[in-house]
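The values are calculated or read from the model by the stated rules, or taken from the named source; none is laboratory data. Model, not experiment: these values are computed from the prediction. Virtual Cβ from ideal backbone geometry, glycine too; neighbours counted across all protein chains shown. We work out accessible area using only protein heavy atoms, side chains counted, and drop any ligands, DNA or RNA first. Shrake-Rupley method; radii C 1.70, N 1.55, O 1.52, S 1.80 Å.
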Amino acid sequence: MSTTVSEPVRELDEVALGQLFTQAHTANSFDETPVSDEVLERLHELTVMPPSAMNIQPLRILWVRSPEAQATLGALMGEGNRDKTLAAPLVAVLAFDAQWHEHLELLAPFRAAAKDTFAANEPMRVGMAKTNAAIQMGYFLLAARSLGLDVGPQAGFDAQGVNAAFFADNGWQSFAVVNLGYPAADGAGYRERQGRLEFGEQTLTV
Ligand SMILES: Cc1cc2nc3c(=O)[nH]c(=O)nc-3n(C[C@H](O)[C@H](O)[C@H](O)COP(=O)(O)O)c2cc1C
């Protein structure tokens, strides 16, 4: 992973901003083209770079690759989310790991001495994991769009059931399911754009 920037940082052009933000839509169906393992590794590489508190990176990702696993997950989706999850070329379960402190020497050597304090305070670890994994979910969605993928994030599923089915051994806790794939040629499955709050409604200046 390179840490050097070879060219001056400048604002992205409208095409790039459109792909990430202004033209992109949440997808409910996809082209049938499969998503390769190389693309998933690149997606991970991009997702882990933006900021998280103390660099703890609590997001964990389960790539649901086998038809059996996809069927198991499908049965745990809310009714309105089931068919599109079963039909998606690839599905990722997003979870958080409350044991993030075990990686502290690597992730935050400047705070490694606090490892025992975090180990003794599970509520604090869970709170930090939830907040920061949610932040990382946003990075994941935008990273996927930057690689030309469409994303269908969903919170409507049986999280306890998913944890029991997939995370009984590692204790990860699921909080989102994201359908992924290349855009359908006709944009099938995009909903009409819904409203966005205005600058004056959502911000204050002091
Ligand atoms: C955390 C999260 C949870 C969501 N849960 C669901 C869901 O369970 N089912 C669903 O159909 N859409 C779900 N969505 C999709 C949103 O409704 C959609 O992204 C939003 O309306 C914006 O749509 P647009 O990208 O087409 O403008 C979810 C999105 C996010 C980020």
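Only residues that are more than 16 Å from the ligand (Cβ to nearest atom) and open to solvent by 20 Å² or more (accessible area, probe 1.4 Å) were counted across the range 76-102, and they come to 3. Only residues that are farther than 24 Å from T131 by Cα and either in contact with a Cys (Cβ under 8 Å, 6 or more places away or on another chain) or open to solvent by 30 Å² or more (accessible area, probe 1.4 Å) (or both) were counted across the range 58-75, and they come to 7.
Annotation note: Cβ proximity below 9 Å between a residue of the range 187-205 that is under 26 Å from S29 (Cα atoms) and a residue that is open to solvent by 100 Å² or more (accessible area, probe 1.4 Å) and not small (G, A, S) (sequence gap 6+ or interchain) occurs for R196/Q202. For the range 134-142, state whether one or more residues are touching a helix residue (DSSP H, G or I) at 6+ places or on another chain (Cβ under 9 Å), exposed (fewer than 13 other Cβ atoms within 10 Å of the Cβ) and under 20 Å from W63 (Cα atoms). So far as the range 134-142 goes, no, none of its residues is touching a helix residue (DSSP H, G or I) at 6+ places or on another chain (Cβ under 9 Å), exposed (fewer than 13 other Cβ atoms within 10 Å of the Cβ) and under 20 Å from W63 (Cα atoms). Scanning the range 104-113 turns up no residue that is free of Cβ contacts under 8 Å to residues at least 40 places away in the same chain, in contact with a His (Cβ under 7 Å, 6 or more places away or on another chain) and either within 16 Å of the ligand (Cβ to nearest atom) or part of a helix (DSSP H, G or I) (or both). Being under 15 Å from H44 (Cα atoms) and within 10 Å of the ligand (Cβ to nearest atom) is the filter here; which residues of the range 174-187 pass it? Passing the criteria: only V178. Quick one: which residue in G195, G161, G171, G138 is in a loop (DSSP other than H, G, I, E, B) and within 16 Å of the ligand (Cβ to nearest atom)? Just one listed residue meets the conditions, G195. Of the residues making up the range 17-46, those that are away from the ligand (no atom under 15 Å from the Cβ) and touching a helix residue (DSSP H, G or I) at 6+ places or on another chain (Cβ under 8 Å) are L43, L46. Of the residues making up the range 143-158, those that are in a helix (DSSP H, G or I), open to solvent by less than 40 Å² (accessible area, probe 1.4 Å) and either away from the ligand (no atom under 15 Å from the Cβ) or more than 24 Å from F30 (Cα to Cα) (or both) number 0. The residues in the range 1-47 that are under 30 Å from E105 (Cβ atoms), without any contact (Cβ under 8 Å) to a residue 60 or more places away in the chain and open to solvent by less than 40 Å² (accessible area, probe 1.4 Å) can be counted, and the count is 1.
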